[in-house]
Amino acid sequence: MATRHQVRQSVISLLYALEINERNEHFINDYLDEKKIRNDQKKFTLNLYQGIIHNLYDIDEKLNIHLNENKIEKLGYIERAILRLGAYELLFTDTPSAIIINEAIELAKELANDSSPKFINGVLDSLIKAKK
């Protein structure tokens, strides 16, 4: 069974794939099957992914406020996907913010460049402070 971290990695991959290709439901199911993400974890993955897609405009708008001179569309695909996932979880789920930020930092360490973890931490921390 996949861990929550592996689920989040899969969401990042699906968001990345969406950026470079058009939406393809067959691809999503095939990808999740290949990664052995099934049952409750598949449901969790799809809920995160679809929640991000459904709320994309609001998520990007809120992130842009905290990106200072940057804008979400100017970021790399991976950084953008990690920020969107983190922002979605912070704004629309009951997952504790410490877990969300830790996961986002770990994903950035694994998938993005060396400066990304600090950058993502700063943006998501700023989002949390504004939410309170």
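The values are calculated or read from the model by the stated rules, or taken from the named source; none is laboratory data. Since the structure is predicted, the reported quantities are computational estimates derived from the model, not experimental observations. Heads up, the Cβs are rebuilt from the backbone with ideal geometry, glycines too, and the neighbour counts pull from every protein chain shown.
Do you know which of the residues in the range 64-75 that are of a type outside the set (Val, Ile, Thr) and touching a residue at least 40 places away in the same chain (Cβ under 8 Å) is nearest to residue 19 (Cα to Cα)? Among those residues, the one meeting the criterion is 67. From the list 36, 42, the one residue that fits, being buried (at least 18 other Cβ atoms within 10 Å of the Cβ), of a type outside the set (Gly, Ala, Ser) and closer than 18 Å to residue 2 by Cβ, is 42. Kindly evaluate residue 52 against the criterion of being out of contact with any Lys or Arg (no Cβ under 9 Å at 6 or more places or on another chain), of a type in the set (Val, Ile, Thr) and either touching a residue at least 12 places away in the same chain (Cβ under 8 Å) or part of a helix (DSSP H, G or I) (or both). For residue 52, the condition - out of contact with any Lys or Arg (no Cβ under 9 Å at 6 or more places or on another chain), of a type in the set (Val, Ile, Thr) and either touching a residue at least 12 places away in the same chain (Cβ under 8 Å) or part of a helix (DSSP H, G or I) (or both) - is not met. Could you check, for the range 100-108, whether at least one of its residues is under 15 Å from the mean Cα position of the chain (by Cα) and over 22 Å from residue 19 (Cβ atoms)? Yes, that holds for at least one residue. Residues that are closer than 19 Å to residue 115 by Cβ and modelled with pLDDT of 95 or more within the range 59-77 comprise just one, 63.
Could you tell me which of the residues 103, 19, 110, 61 is part of a helix (DSSP H, G or I), in contact (Cβ under 8 Å) with a residue 24 or more places away in the chain and within 21 Å of residue 129 (Cβ to Cβ)? Steps first, answer last, please.
Working: 19 fails: within 21 Å of residue 129 (Cβ to Cβ); 110 fails: within 21 Å of residue 129 (Cβ to Cβ); 61 fails: in contact (Cβ under 8 Å) with a residue 24 or more places away in the chain.
103 is the lone residue from the list that is part of a helix (DSSP H, G or I), in contact (Cβ under 8 Å) with a residue 24 or more places away in the chain and within 21 Å of residue 129 (Cβ to Cβ).
Any idea which residue in the range 64-90 is surrounded by the most Cβ atoms within 10 Å (Cβ to Cβ), counting only those that are of a type in the set (D, E, K, R) and either touching a His at 6+ places or on another chain (Cβ under 9 Å) or outside any helix (DSSP H, G or I) (or both)? Step through it out loud before you land on a result.
Step one: of the range 64-90, the residues of a type in the set (D, E, K, R) are 69, 71, 73-74, 79-80, 84, 89.
Next cut, either touching a His at 6+ places or on another chain (Cβ under 9 Å) or outside any helix (DSSP H, G or I) (or both) only: 69, 71.
Values: 69: 5, 71: 11.
Step by step, filter the range 64-90, then rank; the result is 71.
Inside the range 91-100, can you point out the residues that are surrounded by fewer than 20 Cβ atoms within 10 Å (Cβ to Cβ) and either in a helix (DSSP H, G or I) or aromatic (Phe, Trp, Tyr) (or both)? Residues satisfying the conditions are 91, 92, 97, 98, 99.
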